[in-house]
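Laboratory data are not the source of any read-out in this text; all were calculated from the coordinates shown. Model, not experiment: these values are computed from the prediction. Methodologically, a virtual Cβ is constructed for each residue, glycine included, from the backbone with ideal geometry; neighbour enumeration extends over all protein chains shown.
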Amino acid sequence: MATIATYPAEASGGAIRRATTSEPRWVRVLVICVSISFLTLFIFLPLVAVFVEAILPKGLGGYFETFRDPTAMAAIKLTLLTAAIAVPLNLVFGLAASWCLAKFNFAGKSVLLALIDLPIAVSPVISGLIYVLLFGLHGWLGPWLKAHDIDVIFAVPGIVLATVFVTFPYVARELIPLMQEQGIDEEQAAVSLGANGWQVFWNVTLPNVKWALLHGVILCNARAMGEFGAVSVVSGHIRGRTTTIPLYVEILYNEYNYVAAFSMASLLSLLALVTLVLKTIVERKTRATHSPPAEGGAVPSPQSPAPNHEHHRPKHHEAFR
C-alpha cells in the first residue's frame, strides 16, 4: 500500500526562505517600497488626516464639544445598541451554521453555504432596499405592520435587521474551515464515552474553536458599527432617532460642519484601531493553539509506531469517563 511521506516543517520553511532570498536584492527592495507606499498613501495618511482635521481647527475643547451634543450621543448609543443586538444573533447563527455545515452531510448543503456568502456578494444598498420592499408602508408586510402599529422601516428594528443581514457571514466564515479541518473524531470519541449532545458541544467543539469564534465576533462587531449603505436606506436619517455614527458623519459633512464630522469619524477610527489590536492578539492566540510541534519534537512518519492513545487522550474527554 502506498504511503505518504511526511517532512519536517523546517524543510519546507527552508525551501521557502531559499526561494525568497534567491531573488535579486533590487526586486525585494522594490516590492517593500511599493507596499509601504501603498499603505502610507491609502491607509496611514487618511487616518492621520481624520484626527488632524478633528483636533487642530478648534483644539481639544472643540473636539470634545462634539460629543456633548445630544444628537451625537444618540447616534453613539444607537450604534452600540445595534451592535449589541446584531453581534450575539450572528454569534448564535454562526455557531449553528458552521457546526451544521462542517459536521453533517445533508441535501442542500452547498445551497446553504452559498447563501451565507450572499451578503458579501450583494451590495448593502440592495439589501436595504429588500427590507424596504418587505416591511415598508407599500411593501409586502407593510399594511399588516401599519395596522398593528409596528414600525420597522425608519425605526430601530429596520436598522438592526439590515445590520444583521450584512454581518452574519463573518462568524460562520471563520468557523467553517476550522471545523472542517478538525473533523468529527473528537466528537465521536466523546459520544463513545457517554457524552450527550450538549456535553459534546460545550466540552469538545466550543473549546476547539474559541479563538476563531472570537476572531469572527471582532470582525462582525467592526462591520456592524461601521455599516453605512444598508442602514442608510432603512433609517430615514431622523436626527436623534435613527442616525448611527456613520450616518451622522454624513449629515454633519453635508452641513459643512467639518470639525464635528471629523470628530465623529475619529471615534469610528479609534474603534477600528482597537478592533485591529484585538484581531492581532486573537490571531496570535489562534496560531499558538494550532501551531505544529516545536523544533526538536518527534515528527510522525509512516515508519514510526502508532501512538498510545490512552496516554494522549484529550483532557476534555476525561469529563465523560
Practice problem: Quick one: what are the phi-derived ³J(HN,Hα) couplings along region 222-233, Karplus 6.51/-1.76/1.60 with θ = phi - 60°, whole Hz, x for glycine and proline? | Solution: 4, 5, 5, 6, x, 5, 10, x, 5, 5, 4, 6
Exercise. Multiply the residue gap between residue 39 and residue 103 by 0.36 nm, knock off their C-alpha separation, and tell me the result in nm, one decimal place.
Key: 19.1 nm
Exercise. Work out from phi, with θ = phi - 60° and the Karplus expression 6.51 cos²θ - 1.76 cosθ + 1.60, the ³J(HN,Hα) of each residue of region 246-254, listed in order in whole Hz, and give x for Gly and Pro.
Key: x, 5, 5, 4, 5, 4, 5, 5, 5
Self-check item: Fewest-first sequence of 284, 68 by Cβ atoms within 10 Å of each Cβ
Solution: 68, 284
Quiz item: If each residue's Cβ is checked for other Cβ atoms within 10 Å, how do 122, 152 rank with the fewest at the top?
Solution: 122, 152
Quiz item: Quick one: length gained pulling residue 23 to residue 180 fully straight, 0.36 nm per residue minus the C-alpha distance?
Solution: 52.9 nm
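Fully extended, how many nm does the chain gain between residue 149 and residue 96 (0.36 nm per residue separation, minus their Cα-Cα distance)?
15.8 nm
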Quiz item: Which part of region 117-148 falls in the paramagnetic zone of residue 241, meaning amide N under 19 Å from the point 7 Å along Cα-to-beta-carbon?
Solution: 132, 135-139, 142-143, 145-148
Exercise. Sketch the reach of a paramagnetic label on residue 276 as a point 7 Å from Cα along Cα-to-Cβ, and name the residues of region 39-62 whose backbone nitrogen lies under 17 Å away.
Key: 39-53
Quiz item: What ranking do 65, 227 get, fewest neighbouring Cβ atoms within 10 angstrom at the top?
Solution: 65, 227
Quiz item: Can you work out ³J(HN,Hα) from phi for every residue in region 63-78, in order, using Karplus 6.51 cos²θ - 1.76 cosθ + 1.60 and θ = phi - 60°, giving whole Hz and x for Gly and Pro?
Solution: 5, 6, 4, 4, 7, 7, 5, x, 5, 5, 5, 5, 5, 5, 5, 5
Quiz item: Any idea what the relative contact order of region 58-320 is, in percent, if you count C-alpha pairs under 8 Å spaced at least 6 apart?
Solution: 28
